[in-house]
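*Asks:* Would you mind keeping the following structure in view while I ask a few things?
The values are calculated or read from the model by the stated rules, or taken from the named source; none is laboratory data. Note that the structure is a prediction, hence the values are computed from the model and not measured. Here the Cβ positions follow ideal geometry from the backbone for every residue, glycine too, while neighbour counts run over all protein chains shown. SASA here: full protein model, heavy atoms, side chains in, ligands and nucleic acids out. Shrake-Rupley method; radii C 1.70, N 1.55, O 1.52, S 1.80 Å.
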Amino acid sequence: MRARVAFPSRGRLRDFVVDLLDDAGVPLLPKRSAAGHEPIDGLELVEMRPRDAAAWLAAGRVDGAFISTDLVLEEDLRALDAVPLGAVRSDLVVASREDDGRTSAADLAGAVVATHLPGATARWFADQGIEIRVVPMGGALEGVCAAGLADAIVDLRETGNSLARHRLRVLAEIAACEALLVHTGTDEIDELVVRLQAVLDARRHRYVMLHLDPAKLDALMRLFPGLAAPTVLPLAHRDDLVAVHLVTEERTFWSRVQELRALGATGIVALPPDALVR
């Protein structure tokens, strides 16, 4: 049995996932069969719309899917394992017209709410004890609210510019959303998860090489306290310098590069690692 994992067929999420899989040593082959990509490392990667992937994952016909948080809520997949991928971020919000006098979601009692996510919307309002009527929509939502067809919408907000253009304001934030790998935990997917986490962790770090007076190694350790120990190598024909290799978070490196120079470090090189397996 191979594990079947769905990946997006289009959009920003697809671009991100394709790059992530390639960096994780699971390249998507350009030649596809009608059913999907050739199996790689015990995985069958199947291309489909994220909304369809979430539905098939809920039905138990795929073992994993690269989807976003809003679809997890829509298909009620919260019981499954999910790996946050830290990309394609947005917020799922409740919004209504600026001039309708409403200030919170509670003011929507008895209202008509349009959304692409009828299941998630109905559950959230029910949890808040607010009775509404949900109208499922397939197209753009802001216009139907601005035109007065819907009293409010539940939609994803990325920048907020579209809401502002249609004179809509946010009444409540339902969830912070991002790209996820949601899965059932097969051995093949567990291996994929290790690879993905190694790539994601590596993207946040830098492999740093430098030359330093060996008498200042303790000071270097105080500068980067998270290190178990740096790798220290001798330099040919030099007793006053050693080569030091270390791995640190990218933001830590840049925030302390001046302190490194003040410590007397020279020949500082910072490279992005391909993978970081802990």
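*Asks:* Out of curiosity, is residue 176 open to solvent by 60 Å² or more (accessible area, probe 1.4 Å), aliphatic (A, V, I, L, M), part of a strand (DSSP E or B) and touching a residue at least 40 places away in the same chain (Cβ under 8 Å)? Break it down into steps so the answer makes sense when it comes.
*Replies:* Values: open to solvent by 60 Å² or more (accessible area, probe 1.4 Å): yes; aliphatic (A, V, I, L, M): yes; part of a strand (DSSP E or B): yes; touching a residue at least 40 places away in the same chain (Cβ under 8 Å): yes.
Yes, satisfied.
*Asks:* How many residues are open to solvent by 50 Å² or more (accessible area, probe 1.4 Å), free of Cβ contacts under 8 Å to residues at least 24 places away in the same chain and more than 25 Å from the chain's Cα centre (by Cα) when one looks only at the range 242-273?
*Replies:* 3
*Asks:* Against the definition (in a strand (DSSP E or B) and either more than 23 Å from residue 78 (Cβ to Cβ) or open to solvent by 20 Å² or more (accessible area, probe 1.4 Å) (or both)), how does residue 188 come out, yes or no?
*Replies:* Values: in a strand (DSSP E or B): no; either more than 23 Å from residue 78 (Cβ to Cβ) or open to solvent by 20 Å² or more (accessible area, probe 1.4 Å) (or both): yes.
Against the criterion (in a strand (DSSP E or B) and either more than 23 Å from residue 78 (Cβ to Cβ) or open to solvent by 20 Å² or more (accessible area, probe 1.4 Å) (or both)), residue 188 does not qualify.
*Asks:* Scan 169, 165, 204, 222 and give me the residue that is basic (Lys, Arg) and within 28 Å of residue 78 (Cα to Cα).
*Replies:* Numbers: 169 fails: within 28 Å of residue 78 (Cα to Cα); 165 fails: within 28 Å of residue 78 (Cα to Cα); 222 fails: within 28 Å of residue 78 (Cα to Cα).
Selected residue: 204, the only one of 169, 165, 204, 222 that is basic (Lys, Arg) and within 28 Å of residue 78 (Cα to Cα).
*Asks:* On to the next question. Could you list, in sequence order, the residues of the range 229-256 that are of a type in the set (A, V, I, L, M, F, W, C), under 21 Å from residue 215 (Cβ atoms) and out of contact with any Asp or Glu (no Cβ under 9 Å at 6 or more places or on another chain)?
*Replies:* As a first pass, look at the range 229-256 and keep what is of a type in the set (A, V, I, L, M, F, W, C): 229, 232-233, 235-236, 241-244, 246-247, 253-254.
Restricting the remaining residues to those that are under 21 Å from residue 215 (Cβ atoms) gives 229, 232-233, 235-236, 241-244, 246.
229, 232, 233, 235, 236, 243, 244, 246 - these are the residues of the range 229-256 that are of a type in the set (A, V, I, L, M, F, W, C), under 21 Å from residue 215 (Cβ atoms) and out of contact with any Asp or Glu (no Cβ under 9 Å at 6 or more places or on another chain).
*Asks:* Which of the residues spanning the range 2-27 are in contact (Cβ under 8 Å) with a residue 60 or more places away in the chain and assigned to a loop (DSSP other than H, G, I, E, B)?
*Replies:* 2, 24, 25, 26
*Asks:* Further question on the same structure: Restricting attention to the range 129-139, which residues are surrounded by fewer than 16 Cβ atoms within 10 Å (Cβ to Cβ) and within 21 Å of residue 69 (Cβ to Cβ)?
*Replies:* 136, 138
*Asks:* Out of curiosity, is residue 61 in contact with a helix residue (DSSP H, G or I) (Cβ under 7 Å, 6 or more places away or on another chain), open to solvent by 50 Å² or more (accessible area, probe 1.4 Å) and more than 24 Å from residue 143 (Cβ to Cβ)? Step through it out loud before you land on a result.
*Replies:* Values: in contact with a helix residue (DSSP H, G or I) (Cβ under 7 Å, 6 or more places away or on another chain): no; open to solvent by 50 Å² or more (accessible area, probe 1.4 Å): yes; more than 24 Å from residue 143 (Cβ to Cβ): yes.
No.
*Asks:* Kindly provide the set of residues from the range 98-111 that are surrounded by fewer than 17 Cβ atoms within 10 Å (Cβ to Cβ), on the phi < 0 side of the Ramachandran plot and either part of a loop (DSSP other than H, G, I, E, B) or not small (Gly, Ala, Ser) (or both), ordered by number. Quick ask: steps written out before the conclusion?
*Replies:* If we filter the range 98-111 for residues that are surrounded by fewer than 17 Cβ atoms within 10 Å (Cβ to Cβ), which is where we start, we get 98-99, 101, 103-104, 106-107, 109-110.
Okay, now just the ones that are also on the phi < 0 side of the Ramachandran plot, so 98-99, 103-104, 106-107, 109.
Hits for the range 98-111 are 98, 99, 103, 104, 107, 109.
One line per residue, one yes/no per condition, for (1) more than 13 Å from residue 7 (Cβ to Cβ); (2) open to solvent by 10 Å² or more (accessible area, probe 1.4 Å); (3) in contact with a helix residue (DSSP H, G or I) (Cβ under 9 Å, 6 or more places away or on another chain); (4) at pLDDT 95 or above:
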position: 46; (1), (2), (3), (4): no, yes, yes, no
position: 53; (1), (2), (3), (4): no, no, yes, yes
position: 65; (1), (2), (3), (4): no, no, yes, yes
position: 82; (1), (2), (3), (4): yes, yes, yes, yes
position: 87; (1), (2), (3), (4): yes, yes, yes, no
position: 93; (1), (2), (3), (4): yes, no, yes, yes
position: 96; (1), (2), (3), (4): yes, no, yes, yes
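*Asks:* Now for a separate question. Scan the range 150-168 for residues that are surrounded by fewer than 17 Cβ atoms within 10 Å (Cβ to Cβ), farther than 21 Å from residue 88 by Cβ and in contact with a strand residue (DSSP E or B) (Cβ under 7 Å, 6 or more places away or on another chain) and report the count.
*Replies:* Residues that pass the stated criteria total 1.
*Asks:* In the range 220-241, which residue that is charged (D, E, K, R) and assigned to a strand (DSSP E or B) is least open to solvent (accessible area, probe 1.4 Å)?
*Replies:* So in the range 220-241, the residues charged (D, E, K, R) come out as 222, 238-240.
Adding the requirement that they be assigned to a strand (DSSP E or B) leaves 238-240.
On the way: 238: 106, 239: 152, 240: 78 Å².
Among them, the one singled out is 240.
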